[in-house]
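The values are calculated or read from the model by the stated rules, or taken from the named source; none is laboratory data. Predicted, not measured: the structure shown is a model, and the values here were computed from it. Note: ideal-geometry Cβ built from the backbone for every residue, glycine included; neighbour counts use all protein chains shown. The protein model used for the area step is the full one, side chains on, heavy atoms only, and it has no ligands, DNA or RNA in it. Shrake-Rupley method; radii C 1.70, N 1.55, O 1.52, S 1.80 Å.
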Amino acid sequence: MKQFKHTGIDFTTISALHQMNPWWKGNAMEQLPLTRRHLVGQIEKRFEYQLAPITVVRGSRQIGKTTACLHVISDLLEKGVHAKRILRIQFDDIESFRIGKDPVLTLVDWYEKNILDDTLNNAASKNEGCFIFFDEIQNLDDWSTQLKFLADHNTVTSVVTGSSALRIELGRDSLAGRINTIEVGTLSLTEIGKIRNLSTPEPYLPDNGISKLKRKDFWEGLKIYGQINSTIVNEIFTAFSERGAYPIAHLRAKAPWELVADQLNETVIKRVIQHDLRLGEKGRKRDPQLLEELFRLCCRYAGQTPGIGKLTQEIQIALRANIGVQRVRAYLKFLSDTLLIRLIQPLEIRLKKKRSDPKICLADHGLRSSWLQEHIPLEFENDERNKDMATIAGFLAESVVGALFSSIGGLDLSHLPGKGKEPEIDFVITLGDQRIPVEVKYRNSIKSEHYIGLQSFMDTPINRAPFGLLITKNETESMDERVVTIPLKH
């Protein structure tokens, strides 16, 4: 029996490490879904490009970050990478991993001495470099400083996942030049199609940068691509409309929505509120009742800009408590940091003294259905009998667009409040020195008046907007050659 070299790690921790790394002893991994997120290929391309020693994968809970990393590990093993060259540590729940002052370095030191039987640098010099996966590492104090030391003094490929935008963001400065970040949203339509075993086309936007988004012909091509694949696109969008885009909703497609909703509430929303956001600075406990009520309001106002004052007033009434604006603002930021919601800030170009409020977009409209227990599909017959549903669906469509654009790394997204005679714009994409105004009009028919905001924005030279996007419910021909009309389902 192998004697472990002493590194200050107890037996419980060692046992947990072996359970997380069954390949060390030739044991099988846990069963993984047959279909993979596009994220798997994105991580593997980062290995190939070697842009940075650390790849950061950032996204909300339960969207498949851990599963994607396990798929990558499976691929590495199949390609002949020796099992002992792969280390995976999940910092989410195991308290014993918080070892001493520098747990990351302590655990890696144990791995070198007891599993690799060599140093990381020696392994790399033999062309047998190691791969280390740190899951939810932001739960550790001073994690970025430890990763910086690891990257600066060792030749090793690392993947870091995190579901806290704030904590991951705080590590960017010390890790500058050492990380490449992948933003992960919920499932794309092509991923939903593949999970459901449909003959799904490949994504229209490959993982090779976003410069194409600056060109009008890219968006025109996207529209044509959707038209060519309209039959399968319609089928996939129906599934997305009904159940949202969290993996469990489609991996368990036969399960009733009520059961899926309960699971989302338990493993995503309550997990965030009762665990991730439980403690604030200096161990101060946050109010879970306030967080729950605020998230409920975020669901109600998805795709809208209710304003901090309005949210505060409604929370005071609901909780019968004198809660201040600043506290609500802080708690809203906490929710945003978990990536359950995206706060789309106003475009600075028109704002001088008074800053406007952010627009609230949910990570997924399925969260609204599960938390409020109010099922509003995106696809339905929009007629006189469904006016209330149509209004909510319109805002949800806007929320979907905002969440989608927010998950594209390197893309700056804002909204433009109306001012005087200047109309509001739902979203403004900024790419370098160019802006793309985006309006969402999710209704049966499009009229000339729906172009006014886009036209006003494009007609203003300072905006530098050669074209605009109009996101619609149905296929429609553009009434302005500068505007590309694209159905939401594309």
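Of note:
- Counting residues in segment 255-262 that are on the phi < 0 side of the Ramachandran plot, in a loop (DSSP other than H, G, I, E, B) and without any contact (Cβ under 8 Å) to a residue 60 or more places away in the chain gives one or more.
To keep it simple, each residue is scored yes or no on (1) under 26 Å from Ile269 (Cβ atoms); (2) of a type outside the set (S, T, N, Q); (3) touching a Leu at 6+ places or on another chain (Cβ under 7 Å).
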site	(1), (2), (3)
Gln19	no, no, no
Trp24	no, yes, no
Pro33	yes, yes, yes
His38	yes, yes, no
Gln50	no, no, no
Leu70	yes, yes, yes
Ser74	no, no, yes
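- Yes/no for Ile273 being without any contact (Cβ under 8 Å) to a residue 24 or more places away in the chain, hydrophobic (A, V, I, L, M, F, W, C), assigned to a helix (DSSP H, G or I) and in contact with a Phe, Trp or Tyr (Cβ under 8 Å, 6 or more places away or on another chain): yes
- Qualifying positions in segment 238-254 - in a helix (DSSP H, G or I), open to solvent by less than 40 Å² (accessible area, probe 1.4 Å) and among the aliphatic types (A, V, I, L, M): Ala239, Ala249
- From the list Leu264, Leu290, the lone residue that is in contact with a helix residue (DSSP H, G or I) (Cβ under 8 Å, 6 or more places away or on another chain), open to solvent by less than 20 Å² (accessible area, probe 1.4 Å), over 29 Å from Thr472 (Cα atoms) and aliphatic (A, V, I, L, M) is Leu290.
- Residue selected from segment 433-448 under the condition among the charged types (D, E, K, R) and surrounded by 18 or more Cβ atoms within 10 Å (Cβ to Cβ), by the criterion farthest from Gly394 (Cα to Cα): Arg435
- Contact map, segment 474-490: residues that are closer than 14 Å to Val438 by Cβ paired with residues that are among the polar types (S, T, N, Q) and assigned to a loop (DSSP other than H, G, I, E, B), Cβ distance under 6 Å, separation 6+ or inter-chain. Pairs shown: Thr485/Thr476; Thr485/Ser478.
- Members of segment 193-211 found to be in a helix (DSSP H, G or I) and buried (at least 16 other Cβ atoms within 10 Å of the Cβ), listed by number: Gly193, Lys194, Ile195
- Top-ranked residue in segment 40-71 [being in contact with a strand residue (DSSP E or B) (Cβ under 7 Å, 6 or more places away or on another chain) and aliphatic (A, V, I, L, M); ranked as most open to solvent (accessible area, probe 1.4 Å)]: Leu51
- Residues located in segment 466-477, provided they are surrounded by fewer than 21 Cβ atoms within 10 Å (Cβ to Cβ) and either among the acidic types (Asp, Glu) or at pLDDT below 95 (or both): Asn474, Glu475, Thr476, Glu477
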